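A.B. asks: If you scroll down you'll find the structure; I have some questions about it.
Each value in this text was obtained by applying a stated rule to the coordinates, not by laboratory testing. This structure is a prediction, so every number in the text was calculated from the model and none was measured. For neighbour counting, all protein chains shown are included, and Cβ atoms are generated from backbone atoms with ideal geometry for every residue, glycine included.
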Amino acid sequence: MAAVAQQVAAILGDAYVVAGDALATDPLGQYWPDAVAPNSPSPEAIAYPETEAALAALMVCAHKEGWRVLPCGQGSKLTWGRPVQGCDLVVSTGHLDPVIDHAVGDLTVTVAAGTPFQAVQAQLAETGQFLALDPAYEGSATLGGIVATGDTGALRQRYGGVRDQLIGLSLVRYDGQIAKAGGRVVKNVAGYDLMKLMTGAYGTLGMLSQLTFRTYPLAEASQTVVMAGEPAAIQDLADDVRRSPLTPIKLDLLSPQLLQDLDLGTGMGLAAQFQTIEAGVAEQVARLRGLAQPYGVTIQVLAALSETRFWQGIQQQMLPAPVTTTEPDILAKVGVKPSEAIALFETITGPLPQARIRLHSSSGIGWVRVAAEALSPANVAQLRNHCQNFGGYFTLLEAPIALKQGIDSWG
């Protein structure tokens with residue numbers, strides 16, 4: 001083994017280090033072609049510490065030796081942002097002891113950063129609770145990766161973003177020191193809010209090792225209303241819904257191509273999901289139908305299996321799988337003022353009618369997916385300028401390496 005791998009093995013044991021020819025066959029190795037810049041060497045080793053203490057010892061060594069460390073969970077978002085310009089060691093939290101402390105009565109749960117999102121949701125469901133997060137690639141996402149990338153979706157309409165769910169954490173600093181913040185109770189206001197600082201930091205400020213989230217009770221009933229029509233009518237209707245007493249847990253604007261992919265009509269789409277007691281859901285759906293009728297839009301009410309398939313279908317169209325090819329589609333995360341949402345749709349779908357766009361109506365944050373050949377650096381710069389002119393942003397997450405080398409992914 002190379003020098004890096006030998007030193008890591010001395011700390012963790014041979015079973016927790018991958019090096020040499022085995023790098024290409026490791027599950028994380030499938031992401032290298034789209035994560036690492038051309039002519040940049042691959043990492044010398046991948047480390048899988050099992051405990052927070054082992055992770056701290058590893059970071060002490062890395063700091064002493066001056067290694068460039070790339071942190072990750074299961075690796076599904078390693079391709080997001082700029083190509084890696086070279087690292088000596090990849091450190092995965094995927095093997096950290098996933099001991100879960102679920103305080104059912106306090107509505108909190110504490111997990112290791114490398115714990116799979118779906119595993120936590122399944123365990124919480126046994127007690128009638130859930131995490132109010134709907135991240136990209138939920139089948140492979142870890143809780144640490146979700147926090148590090150600030151990754152949640154349409155549920156921010158009702159529950160806020162990742163940083164609103166996170167109430168405590170432990171992290172290992174670059175020098176191996178362990179730091180803690182927050183606590184295991186919701187009403188914890190002591191000290192600096194380090195949770196907000198770490199959310200969306202992409203591992204640049206330290207490696208997350210343990211996380212505490214608030215949980216919520218599962219709803220008794222759920223229904224989704226999908227409306228389709230002319231862009232101006234959909235924008236006005238979305239504005240009316242936001243100003244009304246209605247309380248959808250999701251409220252998403254959908255591009256014509258995305259609506260067509262789901263076989264739910266033509267034109268722009270607006271989808272609202274309601275979850276509460278059965279009578280409350282029925283009342284809100286009825287009120288939304290009444291609110292929508294004057295706009296001349298089509299209205300479909302989905303429940304049970306059809307509702308589940310609808311939301312899963314959106315995820316599959318927008319975020320089909322982590323990138324594992326050399327020619328990925330272009331995926332961007334965008335944000336604009338909610339009042340400028342339709343203008344953004346028209347700016348993108350005018351020249352690119354096949355673009356798939358999903359925007360969370362109340363926040364103006366969402367996703368854009370287009371074919372790899374559809375955008376050049378000049379096109380990306382134009383869309384970024386449009387978003388920034390309306391107080392927003394355009395972040396290039398997934399794209400061919402050549403495109404990423406021609407423009408700053410972050411802006």
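A.B. asks: Work out how much length Arg287 to Ala372 would gain on full extension: take 0.36 nm times their residue separation and subtract the Cα-Cα distance, in nm to one decimal. Don't jump to the answer; show the numbers that get you there.
C.D. replies: On the way: separation 85, 0.36 × 85 = 30.60 nm, distance 4.17 nm.
Result: 26.4 nm gained on full extension.
A.B. asks: Can you work out the FRET efficiency for the pair Asp26 and Ala201, with r the C-beta to C-beta distance and R0 = 25 Å, to the nearest 0.05?
C.D. replies: On the way: r = 25 Å, r/R0 = 1.01.
So the FRET efficiency works out to roughly 0.50.
A.B. asks: For the range 313-387, what does the alpha-carbon gyration tensor say about shape, rounded, prolate or oblate, given a ≥ b ≥ c as the root eigenvalues, a/c under 1.5 as rounded, and a/b over b/c as prolate?
C.D. replies: On the way: a/c = 1.94, a/b = 1.27, b/c = 1.53.
Since a/c reaches 1.5 but b/c is at least a/b, the shape of the range 313-387 is classed as oblate.
A.B. asks: Taking 30 Å as the cut-off for C-alpha to C-alpha distance, list the pairs among Lys180/Lys404; Lys196/Lys404; Lys64/Lys404; Lys196/Lys333; Lys337/Lys404; Lys196/Lys337 that go past it. Intermediate values should be presented prior to the final figure.
C.D. replies: Details: Lys180/Lys404 35 Å; Lys196/Lys404 28 Å; Lys64/Lys404 32 Å; Lys196/Lys333 19 Å; Lys337/Lys404 26 Å; Lys196/Lys337 22 Å.
With Cα atoms farther than 30 Å apart: Lys180/Lys404; Lys64/Lys404.
A.B. asks: Given the alpha-carbon gyration tensor of the range 130-278, what are the semi-axes of its equivalent ellipsoid in whole angstrom, ordered largest first, with each equal to the square root of 5 times an eigenvalue? Present the calculation step by step, with values, prior to reporting the outcome.
C.D. replies: Details: eigenvalues 250, 61, 35 Å².
Working through the eigenvalues yields semi-axes of 35, 17, 13 Å.
A.B. asks: Using a ≥ b ≥ c from the Cα gyration tensor of the range 200-329 (square roots of the eigenvalues), is it rounded, prolate or oblate, where a/c under 1.5 gives rounded and otherwise the larger of a/b and b/c decides, a/b for prolate?
C.D. replies: Working: a/c = 1.98, a/b = 1.35, b/c = 1.47.
Verdict is oblate for the range 200-329.
A.B. asks: Right, here's the next one. Between Gln405 and Ala179, with labels modelled 7 Å along Cα→Cβ, what's the label distance in nm to one decimal, could you check?
C.D. replies: Reported label-point gap for Gln405 and Ala179 is 3.6 nm.
A.B. asks: Let me ask something additional. Using the number of other C-beta atoms within 10 angstrom as an exposure proxy, rank His95, His360 with the fewest first.
C.D. replies: Details: His95 18, His360 22.
Exposure proxy ranking, most exposed first: His95, His360.
A.B. asks: Please work out how much length the chain gains when fully extended from Ala125 to Glu50, using 0.36 nm per residue of separation minus the C-alpha to C-alpha distance, in nm with one decimal. Before the final figure, lay out the partial values.
C.D. replies: On the way: separation 75, 0.36 × 75 = 27.00 nm, distance 2.62 nm.
Separation in residues times 0.36 nm, less the Cα-Cα distance, equals 24.4 nm.
A.B. asks: Quote to one decimal, in nm, the extra length available between Asp164 and Asp239 on full extension: 0.36 nm per residue of separation minus the C-alpha distance between them. Don't skip to the end; give the middle numbers.
C.D. replies: Working: separation 75, 0.36 × 75 = 27.00 nm, distance 2.41 nm.
So the chain would gain 24.6 nm between Asp164 and Asp239.
A.B. asks: Which FRET efficiency value, to the nearest 0.05, do you get for Ala219 and Ala321 by plugging their Cβ-Cβ distance into 1/(1 + (r/R0)^6) with R0 = 35 Å? Write out the running numbers ahead of the final one.
C.D. replies: Numbers: r = 29 Å, r/R0 = 0.82.
Efficiency, from the Cβ-Cβ distance: 0.75.
A.B. asks: Can you put Met207, Met318 in order of Cβ neighbours within 10 angstrom, beginning with the fewest?
C.D. replies: On the way: Met207 27, Met318 21.
The fewest-first ordering by Cβ neighbours comes to Met318, Met207.
A.B. asks: Taking Cα atoms, how many degrees apart are the long axis of helix 304-318 and the longest axis of the chain, rounded to 10 and kept between 0 and 90?
C.D. replies: 60
A.B. asks: Something else now. Just rank Ile249, Ile100, fewest to most, by other beta-carbon atoms within 10 angstrom. Don't skip to the answer; put the middle values down first.
C.D. replies: Numbers: Ile249 20, Ile100 13.
The most exposed by this proxy come first: Ile100, Ile249.
A.B. asks: Using only the alpha carbons of the chain, determine the length spanned along each of the three principal axes and report them from longest to shortest in whole angstroms.
C.D. replies: Taking the Cα atoms of the chain, the three principal extents are 70, 53, 37 Å.
A.B. asks: Right, here's the next one. Among DSSP bridges having both ends in the chain, what percentage is antiparallel? Round to the nearest 5.
C.D. replies: Values: 64 of 72 bridges.
About 90 percent, rounded to the nearest 5.
A.B. asks: While we're looking at this one, here's another question. For the range 287-341, state the average projected area of the convex hull of the C-alpha atoms over all orientations, rounded to one decimal in nm².
C.D. replies: Working: hull surface 25.9 nm².
It is 6.5 nm².
A.B. asks: Taking the 0 to 90 degree range and rounding to the nearest ten, how far is the long axis of helix 278-292 tilted relative to the main principal axis of the chain, both from C-alpha atoms?
C.D. replies: With both axes taken from Cα atoms, the answer is about 60 degrees.
A.B. asks: Hey, another quick one. Rounded if a/c is under 1.5, else prolate if a/b is larger than b/c, else oblate: which is the range 263-308, with a ≥ b ≥ c the root eigenvalues of its Cα gyration tensor?
C.D. replies: Details: a/c = 2.78, a/b = 1.29, b/c = 2.16.
Oblate, since a/c reaches 1.5 and b/c is not below a/b.
A.B. asks: In whole Hz and in residue order, list the ³J(HN,Hα) couplings for the range 66-75 that follow from phi through the Karplus curve 6.51 cos²θ - 1.76 cosθ + 1.60, θ = phi - 60°; x for Gly and Pro.
C.D. replies: x, 6, 8, 10, 10, x, 6, x, 8, x
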